[in-house]
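What follows is a single structure, written as structure tokens, with notes after it.
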Amino acid sequence: MQISLSKENRPIVIASLFVGVILIAGTAYTLSTTGTAPLLSVNYLLQQLQTGSFLGICAAGMMMVILLGHIDLSIPWTLTAAAMTATAVGGDLAIPTALGVGVCVGLLNGIGVAWLRIPSMIFTLGVDTVLRGLMVAQTGGFAPQDRATPVMLFLAKERIFGVPAAILVWAAVSIVIATLLTRTGFGRSLYATGAREGAAYLSGIRTRWVIVGAFVTSGLCAAIAGVLLTGYSAKAYQGMGNAFLLPAIAAVVLGGTHILGGKGRYVGTLVGVILIVLLNSVLSIMQMPEAGRQIIYGAVIIGMLLVYGRNQRVTS
């Protein structure tokens, strides 16, 4: 029993230890240079989690797809297309329009992977390229002049009882995802399909619809992140989702979700997101040049994967 528990929780424990190391190192650096410790400030941490909520929501959707052994490379321009379309429509229909874009893209990805049997890496990359072309055509290649709606601004920037609304949205998405994975038949089917799709199909699971459901969830999460990011930036702009793809994948994998599917816990993804957010925060405080940030960022990811990556196996 102890060995099984250790194997299940090892990636989460290691990621949590890295979070502690980052906090200690960042605090020691700021105390030695400025005499202050912003990383120990509740308000500062809330600000970091507020901006990290965009990544957290993208990672939540990405985890659903990775649990199947697939990947969703259309997240950057799903986020962007949802945001730009929403601001173009404006008014009360802005957010429903953004969510509708996310659902439609997810359906397209799911059908392409589940029914057409095209590898998810290829199909979603193609969809991402199509979305980019559509948005360039919509704007004529120029930055859109449309602005975020008041509701978007509220969700991204305002606070409710002292907590940024964006964090509360992230928390709500997290509760839904965690409930889906642990309390529903869809979640059990997701793990079974990711572990071995053929066996899941023979056991009566409608694996194609499970795949579609995972991609729809990913598209919907990307759209929600797009709504929040638009409110935070006060407008939508081309390429606004490009910075979230690789960190979202990294957060999921660092949290212990098996890249080949069938294994992973959502709490691990949460810890992975927090790790990446704090690492970026510390590197910003240190005024690290971009080249140095990329080197350190990549070294941390590789180091963690070397620590526990070899112990991961696909459930047979």
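Given the options Thr34, Thr184, Thr193, which has the most mean-square fluctuation in a GNM of the chain, springs set between C-alpha atoms less than 10 angstrom apart?
Looking only at Thr34, Thr184, Thr193, the biggest GNM fluctuation is shown by Thr34.
Most mobile of Ser233, Ser203, Ser174 per a Gaussian network model of the chain (Cα springs, under 10 Å)?
Answer for the Gaussian network model of the chain: Ser203.
State whether region 29-82 is rounded, prolate or oblate according to the following rule on the C-alpha gyration tensor (a ≥ b ≥ c being the square roots of its eigenvalues): a/c under 1.5 gives rounded; otherwise a/b larger than b/c gives prolate, and the remaining case gives oblate. Mind dumping the intermediate values first?
Values: a/c = 3.48, a/b = 2.66, b/c = 1.31.
Cα axes put region 29-82 in the prolate bin.
Quantify, in whole percent, the carbon and sulfur part of the accessible surface of the chain (1.4 Å probe; protein heavy atoms only).
Percent of accessible area from carbon and sulfur atoms in the chain: 68.
Quick one: which residues, 5 or more positions from Lys235 or on another chain, have an amide H under 5 Å from its amide H? H modelled 1.01 Å from N in the peptide plane, none for Pro or chain starts.
Here Ala148 satisfy the definition.
Give the shape of region 97-144 as rounded, prolate or oblate, defined through the alpha-carbon gyration tensor: a ≥ b ≥ c are the square roots of its eigenvalues, a/c under 1.5 means rounded, and otherwise the shape is prolate if a/b is larger than b/c and oblate if not. Present the calculation step by step, with values, prior to reporting the outcome.
Details: a/c = 3.97, a/b = 1.78, b/c = 2.22.
In terms of gyration-tensor shape, oblate.
Cα centroids of region 26-85 and region 145-202: how far apart, whole angstrom?
14 Å
Filter the trypsin sites (Lys or Arg not before Pro) in region 68-157 to those in DSSP coil with at most 15 other Cβ atoms within 10 Å of their Cβ, and list the result. Walk me through the numbers before you get to the answer.
Values: sites: Arg117, Arg132, Arg147, Lys157; in loops: Arg117.
Of the trypsin sites (Lys or Arg not before Pro), the ones in loops of region 68-157 whose Cβ has at most 15 other Cβ atoms within 10 Å are Arg117.
What number, in nm² with one decimal, is the all-direction average of the projected area of the convex hull of the alpha-carbon atoms of region 86-215? Provide the component values of the computation, followed by the final result.
Working: hull surface 41.0 nm².
Averaged projected hull area, Cα only: 10.3 nm².
Which of Leu155, Leu46, Leu55 moves most in a GNM of the chain, Cα contacts under 10 Å?
Largest GNM mean-square fluctuation: Leu46.
Rounded to the nearest whole Å², what accessible area per residue is found for the chain with the 1.4 Å probe? Each step should come with its number before you reach the end.
On the way: 14570 Å² over 316 residues.
Using a 1.4 Å probe on heavy atoms only, each residue of the chain averages 46 Å².
With loop defined by DSSP as not H, G, I, E or B, and exposure as at most 11 other Cβ atoms within 10 Å, which is the longest segment of the chain clear of exposed chymotrypsin sites (Phe, Trp or Tyr not before Pro)? Please list the in-between numbers first.
Numbers: sites that count: Trp115, Phe142, Phe161.
Longest site-free region, per DSSP loop and neighbour criteria: 162-316.
If you take the square roots of the eigenvalues of the alpha-carbon gyration tensor of the chain and sort them as a ≥ b ≥ c, do you get rounded (a/c under 1.5), prolate (a/b over b/c) or oblate? Don't jump to the answer; show the numbers that get you there.
On the way: a/c = 1.73, a/b = 1.04, b/c = 1.66.
Oblate shape, in that a/c is at least 1.5 and b/c is the bigger or equal ratio.
The values are calculated or read from the model by the stated rules, or taken from the named source; none is laboratory data. Worth saying up front: this structure is predicted, and the values here are computed from it rather than measured. In this analysis, Cβ positions are derived from the backbone assuming ideal geometry, glycine residues included, and neighbour counts consider all displayed protein chains. Heavy atoms of the whole protein, side chains included, go into the accessibility calculation; ligands, DNA and RNA do not. Shrake-Rupley method; radii C 1.70, N 1.55, O 1.52, S 1.80 Å.
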